[in-house]
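Undergrad: After the structure tokens below, expect a handful of questions from me.
Derivation of every value follows stated rules applied to the coordinates shown; laboratory data play no part. What you see is a predicted model; the values in this text were computed from it and never measured. All Cβ positions, even for glycine, are placed from backbone atoms using ideal geometry, and neighbour counts span all protein chains on display.
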Amino acid sequence: MTSTILHIDGSFCEGGGQILRNAVALSALLSKPISIQNVRHNRRPPGLRKQHEAGINLAAAICSAETDGVHLSSTSVTFKPRKIRLPKTLTADPGTAGSTTLLLQVSLPCLLFSPSPTPPSQLTLRGGTNASQAPQIDYTQHVFLPFMKRHFGLDIALKIIQRGYFPKGGGTVFCSVPSLTEALPPVTLTERGPVRLIRGEARVGGLPFFLAERMKNAARATLLAGGVSPTIVRINAVRETEQETVGSGGGILLLAETDNGCMIAGSSVSTRGRDPEEIGKEAAEELLRNLRHDGCVDEYLQDQIIIFIALAKGRSTVKTGPLTDHTRTAIKIAEQMTGATFHLQEDPSGFVIISCDGIGYTPSL
């Protein structure tokens with residue numbers, strides 16, 4: 001491990017938790033100690049929340065890191081990793097409705113590589129499963145993980161044991177993460193192809209079933225008003241049992257599948273005081289917006305794949321819609337920490353071609 005500490009400005013661009021997650025994950029994977037100042041500078045309140053504390057501690061457990069400043073409200077964090085030894089069996093729980101999907105984001109890259117074959121690592125993640133400030137667990141299950149399998153050959157198993165809704169949390173998700181002994185392949189994804197099906201699920205837990213029906217109907221009506229053919233729309237309404245959920249809440253995820261295997265999503269989460277029609281309409285409008293740009297990934301997958309194409313061997317090329325601040329942040333951290341080179345071709349019509357010359361990372365013995 002290099003002894004030189006890399007200094008990272010936590011106020012850059014989106015200035016939130018993503019800087020922490022990506023920087024800590026890459027620090028663990030590459031054995032590069034880091035110091036992050038101005039943690040979550042652009043959030044109110046700034047500094048670490050319980051969710052970020054749990055995520056950093058999870059990454060630290062994977063690589064036996066020495067840490068400093070990992071406590072509630074801290075605006076300065078130091079992370080000094082040691083060697084990763086796989087497999088791992090770990091549990092993370094922020095004790096709040098903090099997102100399980102964001103805990104997976106920080107830990108997954110750390111568990112993907114081993115110098116020799118090992119059994120899969122096992123993760124139990126507790127907290128919120130469907131929250132407004134993070135990808136819903138359904139998105140991770142139906143968009144992100146299928147992308148990882150299709151393009152990187154990674155068969156990551158995810159099981160929702162119990163859903164936890166805001167503000168109570170208390171959900172449980174189990175993940176089994178296989179490791180690789182060779183570099184990730186590059187991704188070429190520039191032709192989306194026609195949309196052949198839009199499917200989705202409007203769900204509630206601890207609430208009446210008719211609320212899910214109203215979400216579903218509003219989403220369908222919005223899609224049809226946006227020019228989608230009714231023959232390709234398949235949306236279900238679901239009410240979870242008491243055993244399947246903690247607390248009460250709901251949400252909707254819509255998925256557009258294309259002939260070329262792309263998955264474009266739109267989603268929304270129920271919050272107190274909002275009509276279910278508003279939730280369904282919001283998810284459908286988000287999906288329509290993502291489809292208009294003719295990109296091959298949506299605005300949420302866009303930033304989540306950056307760390308992986310930076311680690312991959314060779315040039316990846318991905319067509320997407322306008323870059324989000326999260327994506328610009330992810331690119332900055334990836335370039336700073338890995339040495340990968342990104343090129344952006346931003347078209348006036350709205351789409352962007354992201355190209356990356358990855359480093360072909362493989363772990364050393």
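Undergrad: Under unit Cβ charges (Lys, Arg +1; Asp, Glu -1), what dipole magnitude, rounded to 20 debye, does the stretch 86-182 have relative to its Cα centre?
TA: That gives the stretch 86-182 a dipole magnitude of about 180 debye.
Undergrad: In the Gaussian network model of the chain, springs joining C-alpha atoms below 10 Å, which of Lys149, Lys88, Lys332 carries the largest mean-square fluctuation?
TA: In the Gaussian network model the winner is Lys149.
Undergrad: Out of residues 5 or more away from Gly164 or on other chains, whose amide H comes under 5 Å of its own, with H placed 1.01 Å from N in the peptide plane?
TA: Result for Gly164 returns Thr129, Asn130, Gly171, Thr172, Val246.
Undergrad: May I pose another question? Provide the per-residue ³J(HN,Hα) series for the stretch 349-365, in order, calculated from phi with Karplus coefficients 6.51, -1.76, 1.60 and θ = phi - 60°, each as a whole number of Hz, with x at glycine and proline positions.
TA: 6, x, 7, 9, 9, 9, 10, 9, 8, x, 8, x, 5, 9, x, 8, 5
Undergrad: Taking amide H positions as placed in the peptide plane 1.01 Å from N, state which residues far from Leu207 in sequence (5 or more) or on other chains have amide H under 5 Å from it.
TA: Hits under the 5 Å cutoff: Gly249.
Undergrad: Now for a different question. (i) 313; (ii) 157; (iii) 124: which one is volume of the Cα convex hull per residue in Å³ as calculated from this entry?
TA: (iii)
Undergrad: In whole angstrom, how far apart do the alpha carbon centroids of the stretch 104-137 and the stretch 302-363 sit?
TA: The stretch 104-137 and the stretch 302-363 have Cα centres separated by 21 Å.
Undergrad: Karplus couplings for the stretch 311-317 from phi (6.51 cos²θ - 1.76 cosθ + 1.60, θ = phi - 60°), rounded to Hz, Gly and Pro as x?
TA: In residue order, the calculated couplings are 7, 5, 9, x, 8, 9, 9 Hz.
Undergrad: Same structure, new question: My understanding is that a pair violates if its Cα-Cα distance is over 20 Å; which of Lys216/Lys281; Lys32/Lys332; Lys32/Lys83; Lys159/Lys216; Lys149/Lys313; Lys88/Lys159 do that in this structure?
TA: Correct reply: Lys159/Lys216.
Undergrad: So what is the relative contact order of the stretch 86-182, in percent, for Cα pairs below 8 Å that sit 6 or more residues apart? Walk me through the numbers on the way to the answer.
TA: Numbers: 206 pairs, mean separation 37.5, N = 97.
Relative CO of the stretch 86-182 lands at 39 percent.
Undergrad: Around Ile62, under 12 Å between beta carbons, what's the net of Lys plus Arg minus Asp minus Glu among the other residues? Mind dumping the intermediate values first?
TA: Details: positive: Arg82, Lys83, Arg85, Lys88; negative: none.
Here the charged neighbours net out to +4.
Undergrad: Only four residue types carry charge here, +1 at the Cβ of Lys and Arg and -1 at the Cβ of Asp and Glu. Report the dipole size of the chain about the Cα centre in Debye, rounded to the nearest 20.
TA: 620 debye
Undergrad: Taking the Cβ of Arg234 as the center, what net charge do the other residues with Cβ under 12 Å away carry, scoring Lys and Arg +1 and Asp and Glu -1?
TA: Every neighbour counted, the sum reads +2.
Undergrad: Report, by chain and number, residues whose modeled amide H sits under 5 Å from the one on Arg40, excluding near sequence neighbours (fewer than 5 apart, same chain).
TA: HN-HN under 5 Å from Arg40: Gly47.
Undergrad: With a ≥ b ≥ c the root eigenvalues of the C-alpha gyration tensor of the stretch 1-84, is it rounded (a/c under 1.5), prolate (a/b larger than b/c) or oblate?
TA: Prolate.
Undergrad: Based on the alpha-carbon gyration tensor of the stretch 194-289 and its eigenvalue square roots a ≥ b ≥ c, which shape applies: rounded if a/c is under 1.5, prolate if not and a/b is larger than b/c, or oblate?
TA: Cα axes put the stretch 194-289 in the prolate bin.
Undergrad: If you take the square roots of the eigenvalues of the alpha-carbon gyration tensor of the stretch 121-240 and sort them as a ≥ b ≥ c, do you get rounded (a/c under 1.5), prolate (a/b over b/c) or oblate?
TA: Judged from the Cα gyration tensor, the stretch 121-240 comes out oblate (a/c at least 1.5, b/c at or above a/b).
Undergrad: Any chance you could check the Cα centroid distance between the stretch 221-284 and the stretch 31-99 for me, in angstrom?
TA: Cα centroid of the stretch 221-284 versus Cα centroid of the stretch 31-99: 32 Å apart.
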